Every structure is written in structure tokens, then in C-alpha cells.
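The values are calculated or read from the model by the stated rules, or taken from the named source; none is laboratory data. From a predicted model like this one, the values you see are computed outputs, not experimental measurements. Note that each Cβ is placed from the backbone with ideal geometry, even for glycine, and that neighbours are counted across all protein chains shown. Accessible surface is based on the protein model in full, side chains and every heavy atom, while ligands, DNA and RNA are left aside. Shrake-Rupley method; radii C 1.70, N 1.55, O 1.52, S 1.80 Å.
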Amino acid sequence: MIPGVTLELILYVTALGLVIIGLAGVVLSSHLFRMVLALVIAEAGANLMLVLSGYRWDAVAPILMQRAEQPAMVDPVPQAMVLTAIVIGVGIQALAVSILIRIRQRYGNLKRREVAEKMDAEIAASAGIRRDISQDAPLGERPLSPLPAHTAESRGGDA
Amino acid sequence: MSEVELWIALILGIMMLSSAVLALVVKNHLAAVAAASVVSLGLALLFALMRAPDVAMTEAAVGAGLSSLILALALRRLGLWQIDSGSENSNLLSASSKGKDDA
């Protein structure tokens with residue numbers, strides 16, 4: 001093996017890679033179910049890094065033994081925290097999945113862009129404003145409907 | 001012994017990272033859930049390697065077992081359950097789930 005490469009280094013690279021991949025998936029994925037999966041992956045990386053913070057290469061598992069000299073143990077406190085975090089993570093996952101089921105019941109789709117569009121339309125309808133004004137889509141993404149006459153007049157007057 | 005642990009950690013880390021990427025890019029949703037479960041299972045093995053046997057047990061049971069079960073059952077409810085990648089030969093499961101969507 002290459003000198004300088006330790007077990008801690010490999011584990012840190014794995015944990016950071018999992019967190020980065022998970023966050024990139026949360027930001028970049030276009031399907032809401034993939035977003036939940038990316039969240040699960042990022043959580044796995046965070047758990048690995050937490051357990052790694054209490055790791056010592058020359059220590060044994062944190063189990064007390066009735067012996068005269070107790071050998072050095074790895075830190076049991078992060079392990080207890082991670083034990084809780086795993087269970088809470090599954091709870092969060094179940095909540096996210098139930099929210100996904102409700103979204104699909106309401107909008108019939110899980111594509112991020114379509115769900116956002118329908119949500120925009122609903123918010124605009126409930127607030128009583130026109131959606132063409134409230135949306136801020138980049139040019140070329142969603143073709144805007146032609147502007148009404150009075151809006152075109154006021155724009156021309158401003159310019 | 002430490003050399004062996006190093007190699008095991010290296011192989012598991014590469015497997016987990018590639019499986020995490022696969023979970024985000026593969027087209028089939030069920031395959032993505034399976035890839036996320038592989039990440040969880042590798043994490044359980046790494047916990048056992050890092051002398052945290054209780055965390056490894058919990059991660060293998062809850063993280064790899066229960067979590068992928070929840071996600072797979074949610075796929076059925078969401079209508080994304082699909083065994084085959086090709087949609088030409090519609091098998092029994094996708095046909096039945098499609099029928100359930102309409103109901």
C-alpha cells in the first residue's frame with residue numbers, strides 16, 4: 001500500500017464524497033423521488049463522519065470488561081449519537097415519502113419543474129394576481145404569453 | 001491486520017461512492033433504491049470495521065432493511081414501480097400497478 005494512506009484518510013474521503021454527492025443530487029435532480037434518495041445518501045455520509053470523529057486505530061470496541069487493565073476504547077459518545085441519528089433519518093425519510101405521495105395525489109406528477117409550475121399557478125390563483133407577472137422564468141425557458149395592451153403602453157412610456 | 005483493514009475500507013469506499021452516483025443517474029427507480037441500499041450496507045460494514053458493532057447492527061437492520069422497504073413500498077404507491085427498463089414488454093407487475101393507478 002502507498003505510504004501516507006491511512007484508514008482515516010480513506011474513510012474521510014468516503015464520507016466527504018457521500019455528502020457531496022448527496023447534496024449535489026438534492027440540488028440538481030429533476031425528480032422529487034431522486035431528491036429523497038440523495039438526502040438518504042448525504043445522511044449516510046454525515047453518519048460516517050460522526051463515527052469517524054471518535055475513531056482510534058489502536059482502540060477496541062467500547063465494551064467494558066471486568067479486567068484489571070482496561071484497554072483503550074474508541075469514543076462511545078458519537079456512536080450513541082449516530083445510533084439515534086440513523087433512526088431519526090428513517091423517520092424523516094418516511095415523512096418525505098408521505099409528502100411525495102400527497103404531492104402526487106394533488107398534482108399527478110413528481111417532476112420538479114411541473115410541480116413548481118402548478119404550485120405557482122395555484123399560489124397566484126389564490127392570491128388573485130396574474131401569473132405572468134409573478135413568475136421570473138429565464139428567457140427561452142417558458143414562452144411568455146403576449147403582453148396586454150395597457151402593459152405594453154406603460155413599458156413604452158417608461159422607456 | 002491493519003493492511004487488510006485498509007484494503008477492505010478502500011474497496012468498500014469505492015463501492016459506496018460509485019453506488020451513490022449510480023443511485024442518482026440510473027433511470028429505473030427501483031434500481032436507484034437498490035443502489036441506495038448498497039450504500040447503506042457498505043456503511044454498516046464500515047461501522048463494523050471502525051469498532052462500532054452496535055451502530056453497524058442498527059444501520060444494517062434499519063438503514064439497509066427498513067429504509068429500502070419503505071422506499072420500495074412508496075414506489076408502488078407512487079406508480080413508479082417498474083422491474084424492466086424497457087417499456088416494450090410490459091410485465092405483470094407494471095401492468096398491475098398501472099391498473100392500480102387508474103383505480
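Worth pointing out:
- Phi-derived couplings, Karplus 6.51 cos²θ - 1.76 cosθ + 1.60 at θ = phi - 60°, listed residue by residue for region A:75-83: 5, x, 5, x, 5, 5, 4, 5, 4 Hz, with x used for Gly and Pro.
- Karplus (6.51, -1.76, 1.60) ³J(HN,Hα), θ = phi - 60°, over region B:12-27, in Hz, Gly and Pro reported as x: 5, x, 5, 5, 5, 5, 5, 6, 5, 5, 4, 5, 9, 10, 6, 7
- Charged neighbours of residue A:76, selected by a Cβ distance under 11 Å, balance to -1 (K, R count +1; D, E count -1).
- Exposure of residue B:47 as accessible area (Å², to 10), given a probe of 1.4 Å and all protein chains: 0 Å²
- HN-Hα J in Hz across region B:35-46 - Karplus 6.51, -1.76, 1.60, θ = phi - 60°, x for Gly and Pro: 5, 5, 5, 5, 4, 5, 5, x, 5, 4, 5, 5
- Largest-first principal axis extents, alpha carbons of region B:1-83, Å: 48, 25, 14
- In region A:29-129, the convex hull through the Cα atoms has an average projected area of 9.2 nm², a quarter of its surface area.
- For residue A:73, the amide hydrogen comes within under 5 Å of the amide hydrogens of A:60, counting only partners 5 or more places away or on other chains and with H modelled in the peptide plane.
- Residues of region A:20-39 buried by at least 40 Å² of accessible area upon assembly of all protein chains, compared with the chain on its own (1.4 Å probe): A:21, A:33, A:34, A:37.
- Remark: relative contact order (region B:1-77) = 28 percent; criterion is Cα-Cα distance under 8 angstrom and separation of 6 or more residues.
- Annotation for residue A:70 and residue B:73: the two label points, set 7 Å from Cα along the Cα-Cβ direction, are 4.1 nm apart.
- Cα-based equivalent ellipsoid, region A:17-60: semi-axes from gyration tensor eigenvalues, Å: 29, 8, 5
- Chain-alone versus full-assembly comparison, region A:80-96, residues with accessible loss of at least 40 Å² (1.4 Å probe): A:83, A:86, A:90, A:93
- If a spin label sat at a point 7 angstrom from the Cα of residue B:57 along the line to its beta carbon, the backbone N atoms of region A:90-118 nearer than 20 Å would be those of A:90.
- Cα centroid separation, region B:53-85 to region A:77-103 (Å): 12 Å
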